[in-house]
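Data first, discussion second: the structure below is written as structure tokens.
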Amino acid sequence: MPGLYALSSWEPLPLKSSRVKACANGYTLSITAHLVYTNPHQEPVEGIFIYPLEEWEVLAGFEAAAGSRRVTFQVQNRHRVQDCC
């Protein structure tokens with residue numbers, strides 16, 4: 001199931017709100033999702049975001065923000081990603 005999970009317990013964190021925008025252009029679909037999760041615990045948790053893809057789907061970029069921290073991933077060259085991973 002897609003979502004944000006607490007890494008230590010694999011417990012899903014509750015989704016507080018979501019906003020999704022999609023744009024189709026030929027065979028390309030661009031999706032922007034603004035997802036807000038809540039932490040039901042008193043202490044901070046380390047989380048992992050899971051979004052399974054089908055075999056024919058490709059992820060070209062991803063950005064996540066937690067508080068003032070922002071993490072960005074963008075595929076520049078498929079061969080570089082394959083060499084790395």
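Structure notes:
- The stretch between Ala24 and Thr38, if pulled fully straight at 0.36 nm per residue, gains 2.0 nm over its current Cα-Cα span.
- Calculated log₁₀ intensity ratio I(q)/I(0) where the Debye formula runs over C-alpha points of the chain, q = 0.16, 0.18 Å⁻¹: -0.82, -1.01
- Of all accessible heavy-atom area on the chain, the percent that carbon and sulfur account for (1.4 Å): 54 percent
The values are calculated or read from the model by the stated rules, or taken from the named source; none is laboratory data. Everything numeric in this text was worked out from a predicted model, so none of it was measured. With ligands, DNA and RNA removed, areas are computed over all heavy atoms of the protein, side chains included. Shrake-Rupley method; radii C 1.70, N 1.55, O 1.52, S 1.80 Å.
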